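See structure below.
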Amino acid sequence: MKDYAFILPMSVRDYECDMQGIVNNSVYQNYLEHARHEFLKSVDIDFRALALEGINLVVVRAELDYRFPLRGGDRFVVGLYMIRESRLKFSFYQDIFREPDKKLILNGKITGTALNARGRPEIPGELDRLLDHSGSGATGARMQGRGDT
């Protein structure tokens, strides 16, 4: 696996599966979103507090490549790193791997921006600083106990 800035272990809940017994395609976006929110919290960026200030982090593009399905009860990890794409856009590169065999399940690139209270693109200071320190993409934040990936 790549050198991710953040890795979040998760598991499939039975109600996330469709009639074929596999995770429904739309559920993967929930997994990716949850990992992004947990990552932001781990680097002291409070998604909710930003929203209360009138700053909304929004997805402008989602690219997902489904490689292999997850099934009910499967354990998996979501790995991610974040890079600045332009002055006003950033992307999360995210992968899902099944545990314990590390089988690649999904590759994703989620591109976003921030909108200020007037609905105009504007990256808030704390996010701007994070992106400035991201260098080649890895932001340096890492989930405890998962530095071996």
Inset, instruction - Note down the magnitude of the dipole of the chain about its Cα centre, charges +1 on Lys and Arg C-beta and -1 on Asp and Glu C-beta and zero elsewhere, to the nearest 20 debye. - result: 200
Legend entry - GNM flexibility winner over the chain from GLU53, GLU122, GLU33 (Cα, springs under 10 Å): GLU53
Legend entry - Degrees, to the nearest 10: 27-42 long Cα axis against longest axis of the chain: 50
Legend entry - Rh (Kirkwood; distinct C-alpha pairs) - the chain, Å: 16.0
Inset, instruction - Answer with one residue from LEU88, ASN25, LEU127: the one whose Cα lies farthest towards the positive end of the charge dipole of region 6-132, charges on Cβ with Lys, Arg +1 and Asp, Glu -1. - result: LEU88
Inset, instruction - Compute the Rg/Rh shape ratio of region 66-115: radius of gyration over Kirkwood radius, all on alpha-carbon atoms. - result: 1.12
Inset, instruction - List VAL12, VAL58, VAL78, VAL27 from most exposed to least, where exposure is judged by having the fewest other Cβ atoms within 10 Å. - result: VAL58, VAL27, VAL12, VAL78
Inset, instruction - Could you list TYR31, TYR66 in order of exposure, starting from the residue whose Cβ has the fewest other Cβ atoms within 10 Å? - result: TYR66, TYR31
Inset, instruction - Would you calculate, for the chain, the mean residue ellipticity at 222 nm contributed by helices, counting each DSSP H stretch of 4 or more residues as -39,500 (n - 2.57) and dividing by all residues, to the nearest 500? - result: -6000 deg cm²/dmol
Inset, instruction - Enter the Cα centre distance for the pair region 89-103 and region 70-86, rounded to the nearest angstrom. - result: 3
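Just so you know, all these numbers are worked out from the coordinates, no wet-lab data involved. All values derive from a computational prediction rather than experimental measurement. When we count neighbours, we look across all protein chains shown, and the Cβ atoms used for this are built from the backbone with ideal geometry, even at glycine.
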